Amino acid sequence: DRHMALIKDEDIQLVRERVRIDEIVEQYVTLKNAGGGARKGLCPFHDEKSPSFTVRPAQGFYHCFGCGVGGDSITFLREIEGLSFAEAVERLAAKTGVNLRYEEEDSTRPKRDAGQRQRLLDAHREASEFYAHQLGTSPEAAVGRQFVQDRGFDQTAAERFGMGWAPRGGEALVAHLRAKGFGDEDLVVGGLAARGSRGLYDKFRGRLLWPIREISGEVVGFGARRMFDDDRVEAKYLNTAETPIYKKSQVLYGLDLARRSISSQSQAVIVEGYTDVMACHQAGITTAVATCGTAFGEGHTRILRRLMLDNDAFRGEVVFTFDGDEAGRRAAMKAFTGDQQFVAQTYVAVEPRGMDPCDLRLADGDAAVRDLIASRVPLYRFVLKNTLAKFDLDRGDQRVDAVREAVALASSIRDRAKVEEFLREISSLVGVDVDHVRAELQRSNAQGKAGSGAVNRRGPAQPVQPDTQSAPQENITAGFGAPGLSDEREALKVII
Ligand code: ZN
């Protein structure tokens with residue numbers, strides 16, 4: 001076993017000389033030239049908003065001024081992938097074409113076992129090849145091939161995304177991987193098999209599979225779609241559970257294929273399913289990714305941020321596609337109260353008929369998918385419209401409540417320039433004068449401060465601006481353009 005052996009020092013040195021550290025780092029982090037030959041990016045080892053992670057290609061070192069980590073390309077790969085020293089050297093040797101030679105095993109030193117992580121990655125690579133072969137050749141996979149075709153994908157697309165088929169029998173993968181020398185423990189820990197009363201059985205049975213790959217392209221898990229009515233697992237989609245190599249909060253499906261486009265176009269499109277990612281890529285939206293069985297969260301934000309760094313600031317745009325249903329609205333509202341800098345760059349693309357990108361492509365073709373993404377609107381406008389939809393804006397009292405609720409949204413925006421834009425939007429959508437919206441914001445801010453300061457518990461806080469006093473709520477006037485006043489407008493035109 002090569003892992004048991006020791007790599008010759010001169011070969012390690014050769015790897016160090018040949019590898020370009022910026023090329024290795026750039027698989028995970030977008031780097032910008034920072035002068036003096038140095039390159040900078042957002043640190044992958046701590047959460048930061050402005051780049052302090054510095055790479056010096058000429059010296060072959062990296063250093064983070066934020067959290068203090070640093071080292072050479074071998075250290076970087078070890079840290080980011082959780083590899084042993086030998087594994088990292090082997091990975092880099094393969095990249096740089098160095099043929100590693102090993103020392104004879106030294107019995108006085110402890111044997112070096114291949115790390116668990118590497119074994120699990122190896123097992124997943126074998127598994128995905130096995131599954132892909134099944135999808136291409138197995139008679140029982142005909143239903144899977146038909147599904148792929150019905151969703152509008154040809155064989156090339158299925159192969160590009162590594163799609164596979166898990167045989168129904170339930171023991172084929174276990175047998176295959178055992179024959180390749182993998183241990184039962186690794187198959188269970190890695191989520192490929194489970195232990196039953198009669199021994200190990202395949203985790204995925206009679207399902208169509210999408211391998212979930214890390215940014216580097218390594219398979220770390222699978223998404224599996226139910227294909228048979230008698231499938232004992234009810235869930236339509238079954239994903240690998242959390243394992244030492246698969247953390248759903250930090251995985252984006254399609255990122256290995258989208259990484260370069262996200263970085264060069266400073267755009268990421270977030271869709272909901274595996275077939276949606278495929279549909280987008282086929283339609284030319286090569287920045288599309290999806291979360292795997294979880295909501296889009298902080299971990300995902302961080303990954304995208306690192307890729308979209310531009311001139312020391314995050315300038316990329318993130319486009320969420322929602323089908324406009326309640327779940328989508330809730331997700332948007334949640335995103336809205338999250339990372340503010342991120343919110344400012346966040347857009348929403350809603351298909352009016354509620355179609356997802358895959359359905360849309362089937363119905364109207366590739367161009368329709370591109371049009372959907374092009375029709376994106378800022379997240380804040382989408383959230384605002386959804387908030388206002390609850391109110392009957394023809395009624396004065398409802399307009400008062402609508403403004404109050406909309407203004408509460410505005411107070412969660414920290415960027416002052418954005419707040420003003422938002423207030424104008426509220427004004428035009430509700431149909432009230434923008435001064436009243438501003439006054440309401442000041443009133444709400446003042447109330448918030450009084451409440452938190454525990455000074456003025458009794459009665460409403462005094463308004464900061466005198467004009468709010470002269471604007472009791474019932475006097476909020478609708479602007480002429482208010483959508484709820486169209487009848488009145490028409491009547492006035494007739495009179496005039
Ligand atoms: Zn750092």
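The values are calculated or read from the model by the stated rules, or taken from the named source; none is laboratory data. All of these numbers come straight from a predicted model, not from anything done at the bench. We place every Cβ from the backbone using ideal geometry, glycine too, and count neighbours over all the protein chains shown. Just the protein is used for accessible areas: all its heavy atoms, side chains included, with ligands, DNA and RNA removed. Shrake-Rupley method; radii C 1.70, N 1.55, O 1.52, S 1.80 Å.
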Given a Förster distance of 35 Å, report the FRET efficiency between Gln59 and Arg260 from their Cβ-Cβ distance, rounded to the nearest 0.05.
0.85
With every protein chain left in place and a probe of 1.4 Å, what is the accessible surface of Arg101, to the nearest 10 Å²?
110
With every protein chain left in place and a probe of 1.4 Å, what is the accessible surface of Lys390, to the nearest 10 Å²?
130
Show which lysines lie in cross-link reach of Lys95 when reach means a straight Cα distance below 21 angstrom and same-chain residues fewer than eight apart are skipped.
Lys8
Exposure of Phe322 as accessible area (Å², to 10), given a probe of 1.4 Å and all protein chains
20
Around Val432, which amide H atoms from residues at least 5 apart in sequence, or from another chain, sit under 5 Å from its own amide H, with H modelled in the peptide plane?
Gly479
Using alpha carbon centers only, the stretch 142-221 is separated from the stretch 291-306 by a whole-angstrom value of 24
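Given a 1.4 angstrom probe, I'd like the percentage of the accessible area of the stretch 92-221 that is carbon and sulfur, rounded to a whole number.
Values: 2910 of 6410 Å².
Carbon with sulfur: 45 percent of the solvent-accessible area.
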Residues of the stretch 249-270 with amide N under 14 Å of the 7 Å Cα→Cβ point at Thr294
249-253
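Efficiency by 1/(1 + (r/R0)^6): what FRET value for Asp230 and Gln27, r their Cβ-Cβ distance, R0 = 35 Å, to the nearest 0.05?
For R0 = 35 Å, the calculated efficiency reads 0.25.
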